[in-house]
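Visitor: My questions all concern the structure below.
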Amino acid sequence: MEYRIEKNTLLPEEHIALWESAGWGSLDRDLVETSLRGSYATFAVRDGGRIIAMARLIGDGGMAFFLKDLVVSPYYQGKGIGRELLAHIEDFIRGELKEGWWSFLQLMSAKGKEEFYLKCGYKAHPHERSGAGFTKVIER
């Protein structure tokens with residue numbers, strides 16, 4: 001298998017298809033388009049021309065980044081693609097930082113995927129450098 005990671009090429013329909021493949025429900029296309037435009041960066045993993053994984057990065061370019069929507073297509077899971085994509089994003093962030101700077105990369109794991117992030121060196125909240133993580137859904 002030969003695949004490549006691309007920055008800022010993720011299309012709304014690709015995002016929606018991968019989101020749905022994860023079993024997370026359906027999304028409104030306008031909502032996805034707005035979210036993609038507002039992202040610091042997006043990442044698409046392609047096998048040939050086919051989208052097989054994605055992630056969005058939100059952030060301030062310095063002290064804080066937040067990882068959203070990391071999804072690997074079910075057929076491609078267990079092949080190290082998610083781990084490689086995560087490492088690629090970490091390297092991207094390092095490249096955005098000036099010498100001597102540091103940044104938090106934070107995320108909320110999907111249910112049942114916590115072990116993946118622990119194996120990749122992430123720490124569950126709370127830990128020695130931060131308090132508990134919280135989420136609140138705001139609807140209109």
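Visitor: Please go through segment 119-140 and give me each residue that is in contact (Cβ under 8 Å) with a residue 12 or more places away in the chain, part of a loop (DSSP other than H, G, I, E, B) and surrounded by 10 or more Cβ atoms within 10 Å (Cβ to Cβ), ordered by number.
Guide: Correct list: C120, Y122, G133.
Visitor: Of everything in segment 75-99, what is of a type in the set (K, R) and in contact (Cβ under 8 Å) with a residue 40 or more places away in the chain? Give them in sequence order. Walk me through how you get there before you give the answer.
Guide: The initial filter retains those residues of segment 75-99 that are of a type in the set (K, R), namely 79, 83, 94, 98.
Across segment 75-99, the qualifying residue is only K79.
Visitor: Further question on the same structure: Failed condition for E20, given (1) of a type outside the set (S, T, N, Q); (2) touching a residue at least 24 places away in the same chain (Cβ under 8 Å); (3) closer than 20 Å to A110 by Cβ, with all others met?
Guide: With respect to (1) of a type outside the set (S, T, N, Q); (2) touching a residue at least 24 places away in the same chain (Cβ under 8 Å); (3) closer than 20 Å to A110 by Cβ, E20 is out only on (2).
Visitor: Residues in segment 78-89: is at least one farther than 22 Å from G112 by Cβ and not basic (K, R)? Talk me through it step by step, then tell me what you get.
Guide: Step one: filter segment 78-89 for residues farther than 22 Å from G112 by Cβ, giving 88.
If we keep only those that are not basic (K, R) too, we end up with 88.
Yes, some residue in segment 78-89 is farther than 22 Å from G112 by Cβ and not basic (K, R).
Visitor: OK, next. Every residue in segment 101-118 that is open to solvent by 50 Å² or more (accessible area, probe 1.4 Å) and either free of Cβ contacts under 8 Å to residues at least 24 places away in the same chain or assigned to a loop (DSSP other than H, G, I, E, B) (or both), please. Steps first, please.
Guide: Taking segment 101-118 first, the residues open to solvent by 50 Å² or more (accessible area, probe 1.4 Å) are 101-102, 104, 106, 108, 111-116, 118.
If the condition is that a residue be open to solvent by 50 Å² or more (accessible area, probe 1.4 Å) and either free of Cβ contacts under 8 Å to residues at least 24 places away in the same chain or assigned to a loop (DSSP other than H, G, I, E, B) (or both), then W101, W102, M108, K111, G112, K113, E114, E115, L118 are the ones that fit.
The values are calculated or read from the model by the stated rules, or taken from the named source; none is laboratory data. On a predicted model such as this, the values are computed, not experimentally measured, just so you know. Please note: Cβ atoms are built from the backbone with ideal geometry, for glycine as well, and neighbour counts cover all protein chains shown. Protein only, heavy atoms only, side chains kept; ligands, DNA and RNA dropped before computing areas. Shrake-Rupley method; radii C 1.70, N 1.55, O 1.52, S 1.80 Å.
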